[in-house]
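Everything on this sheet refers to the single structure shown next.
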Amino acid sequence: MRALVVASLTPYLGDGVMIGSVTANRDAPELTHTIGLLSDHVPVRVDLQGNPSFGELAARVHEATRQAHLHRLPVGVLRHELPSAPHGNGSLFDLSINYMPHAPTKAATVTAPDGSHIRMEPRTLPTNTLRPRMMSAFSGAVSLGFQLRHSHDGYVSGDLWAHSPAFTTRTVDRLCRDLGRTAREVLSSPQRRIRDLAVHGREKD
């Protein structure tokens, strides 16, 4: 899924891209039962030189992500230690990609200290009800982000969020459509070079 996003954005990218790959920080066994948002961004640099095929790009993204996780540090530490890192509202990343794969449905009952119970279970929400708005920057804030979900019914859905006025509504709409078009192009010809996909011949903002 990360490679698909990168392929769809190829006309706007140079020979490399820095992805903020979201991680849930659930590696440690003692955190598996913790309720709450523990996510952070892992910087992943992807090499786009040589106009690779989608298969080659997927392999590059996979290996780059694996290597980044082997040397993972909190984004806050990286921003503090790297003298060339942007400050203020800047970001370490060109874009953020969060992919949430399908997982078995789980329900849980939480017991509070006073003995009361709260039951939680996952429910599918229409994507048009999810409209995140960030009033201030955070460690992973970037101008463009993809939130992709693999649902229980087998479909891939998600959201694309972008900062205004960096991106117009027309541009965001085009990027959403291009992602779907790129997926169809890749499925029909997975060995085609990513910069040669038919979808990339369309007009750009």
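Of the conditions (1) of a type outside the set (A, V, I, L, M); (2) closer than 30 Å to S151 by Cβ; (3) at pLDDT 85 or above, G50 clears all except one; give me its number.
The single condition G50 does not satisfy is (2).
Can you find a residue in the range 187-199 that is at pLDDT 75 or above, more than 28 Å from M18 (Cα to Cα) and over 22 Å from the mean Cα position of the chain (by Cα)?
No, the range 187-199 contains no residue that is at pLDDT 75 or above, more than 28 Å from M18 (Cα to Cα) and over 22 Å from the mean Cα position of the chain (by Cα).
Determine which member of the set R66, R60 is in a helix (DSSP H, G or I), modelled with pLDDT of 80 or more and loosely packed, with under 12 Cβ neighbours inside 10 Å.
After ruling out the rest, the residue left standing is R66.
When residues of the range 72-105 are filtered for being charged (D, E, K, R), more than 24 Å from A166 (Cα to Cα) and either at pLDDT below 80 or out of contact with any strand residue (DSSP E or B) (no Cβ under 8 Å at 6 or more places or on another chain) (or both), how many remain?
1
Report yes if some residue within the range 14-28 is surrounded by 18 or more Cβ atoms within 10 Å (Cβ to Cβ) and more than 20 Å from F146 (Cα to Cα); otherwise report no.
No, every residue in the range 14-28 fails to be surrounded by 18 or more Cβ atoms within 10 Å (Cβ to Cβ) and more than 20 Å from F146 (Cα to Cα).
Among residues belonging to the range 115-125 that are within 19 Å of T34 (Cα to Cα) and charged (D, E, K, R), point out the one that is modelled with the highest pLDDT.
By that ranking, first place goes to R119.
Closer than 26 Å to I194 by Cα and of a type outside the set (D, E, K, R): does that describe A28?
Spelling it out, it is not the case that A28 is closer than 26 Å to I194 by Cα and of a type outside the set (D, E, K, R).
The values are calculated or read from the model by the stated rules, or taken from the named source; none is laboratory data. Predicted model, so just to flag it, every value in this text is computed and none were measured. When we count neighbours, we look across all protein chains shown, and the Cβ atoms used for this are built from the backbone with ideal geometry, even at glycine.
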